[in-house]
Structures are given as C-alpha cells and as structure tokens.
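The values are calculated or read from the model by the stated rules, or taken from the named source; none is laboratory data. Nothing here was measured: the structure is a model prediction, and the numbers come from that model. Cβ atoms come from the backbone with ideal geometry, glycine included; neighbour counts cover every protein chain shown. Heavy atoms of the whole protein, side chains included, go into the accessibility calculation; ligands, DNA and RNA do not. Shrake-Rupley method; radii C 1.70, N 1.55, O 1.52, S 1.80 Å.
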Amino acid sequence: MADLLSDDPSEGTVTRSVTVYRGRVWNIRRDEVDYNGETIVREYMDHTGAVAILALDDEDRMLLIKQYRHPVRMRDWEIPAGLLDVAGEDPLASAQRELAEEADLVADRWDVLGEFYTTPGGSDEAIRIYLARGLRSADETFARTAEEADIEVRWAPLDEVVDAILDRRLQNPSLVVGALAAHTSRARGWATLAPADSAWPRRSRALHD
C-alpha cells in the first residue's frame, strides 16, 4: 500500500539569521542555510500566522466581506480573518474575536475546516480556517477603521461561491481554500472536520526578537 500523501517536515541548519527589515505588522528575514552540502540564502516574510472563518448559515450560505487590499489594488471578496498578533491568544479565541469584530456575529459550533501556507517560497505564514455554524448576532457591534470602514457584506450560497472560484472571478486564497474545502467536506457528510481545539503543529513561528 502506498504511503499516504503528506508534506514532510524538514529543516536545514540555519547558520545565520538576521532581520533585514522590521515592519509595522511583519518583518523580512534573511537566513543562511546549510542544505544538501551547500549554503543557500533565503529572504522571507517572518509572519505571525493568521486565522480565517468560513461562517455558514442554516441555508448553506457563506458570509462574504468585501474590502480594499492595497498591494493588489482590489476590493476583493473574502471571509473574515485576522492575524495571530495578540500574545498568548489561542487561535480559536482569535477566530471568535475576528468574527465578532468583522461581522458582529458569534457562533455556537466551531470546527477546523482546513489549513494552508500562503506562500511557502516567500513566507512562513500559516492560516487555519475554521467552520463556524449556529450563527447569531453578537451582543455588541464594533467600530471599524481604515480598510474595514467600508466593508461590504454579502451572504452567498456555497455552490455559487464555488462556481465563481472555478470561473476565476474570486481569488482570495482563504476564501478559495475554505469554500472548496467546505464544498467537499459537505459532500462527505462533514466527516473531514476536526475539533476546534486540534493541535496545529504547522502554525507559523512567532516573530523573532
């Protein structure tokens, strides 16, 4: 029987590591690594990691939010998400906070839907996507600023979102991964979901000092 398909943990020997740029949200790091008998130099985004939330109502509609993203000069449809930038905060608690802050919602049921690295060749950012169900309004609403000040909210059927992805009209990675995972998991009776408090060994390391 063939081995199950799986990424393999592997780590070259880092001989030198420096922060070459320290940003407001994340840093750029340069590592010198001994790998396969040679020294390679790699620069990458040193990221806190993040969580995203696919909120699904009783009619199988996804919560979508549209906001401005300056690097790509787009107002793109996304799912609620946020950085793991609160020291010591559990990822599930971060997801619950982000859903309340970005959508004024709370959920009675939480499960792990999927995980992915955003750009393995240029960043150590890992994102965990939670499936949130049993939705209801939060007890309070939150003031929003900057890109979040003019968020547009839309509830869209999961099947419609998948069609838009396959037609290349929606391209936000958390939305794409989340919607395709949810569509497949639903077809399998949600058997692929994991407990919300599951270990997350691939989570990005905290920013270096």
Would it be correct to say that S204 is part of a loop (DSSP other than H, G, I, E, B), out of contact with any His (no Cβ under 8 Å at 6 or more places or on another chain) and either modelled with pLDDT under 95 or closer than 14 Å to G114 by Cβ (or both)? no
Quickly run through the stretch 182-201 and pick out the residues that are aliphatic (A, V, I, L, M), modelled with pLDDT of 95 or more, assigned to a loop (DSSP other than H, G, I, E, B) and surrounded by fewer than 16 Cβ atoms within 10 Å (Cβ to Cβ). A191
What's the total number of residues in the stretch 67-95 that are at pLDDT below 95, charged (D, E, K, R) and closer than 14 Å to S174 by Cβ? 2
Please find, within the stretch 164-181, the residue that is nearest to M74 (Cα to Cα) out of those that are surrounded by 14 or more Cβ atoms within 10 Å (Cβ to Cβ) and either touching an Asp or Glu at 6+ places or on another chain (Cβ under 7 Å) or charged (D, E, K, R) (or both). N172
Kindly indicate whether V25 is open to solvent by less than 80 Å² (accessible area, probe 1.4 Å), closer than 26 Å to V177 by Cα and in a loop (DSSP other than H, G, I, E, B). yes
Go through the stretch 32-49 and give me each residue that's assigned to a strand (DSSP E or B), open to solvent by 90 Å² or more (accessible area, probe 1.4 Å) and farther than 30 Å from A87 by Cβ. Y35, E38
Counting just the residues of the stretch 73-92 that are out of contact with any Leu (no Cβ under 8 Å at 6 or more places or on another chain), over 12 Å from A50 (Cα atoms) and hydrophobic (A, V, I, L, M, F, W, C), which one comes out surrounded by the most Cβ atoms within 10 Å (Cβ to Cβ)? M74
Output the number of the condition that H70 fails; it satisfies all remaining conditions of (1) over 27 Å from Y44 (Cα atoms); (2) loosely packed, with under 12 Cβ neighbours inside 10 Å. (1)
In the stretch 71-103, anything in contact with a strand residue (DSSP E or B) (Cβ under 8 Å, 6 or more places away or on another chain) and more than 21 Å from Y117 (Cβ to Cβ) is listed as M74, R75, W77, Q96, R97, L99, A100, E101, E102, A103
Being exposed (fewer than 12 other Cβ atoms within 10 Å of the Cβ) and in a loop (DSSP other than H, G, I, E, B) is true for just one of D139, D108. Which residue is that? D139
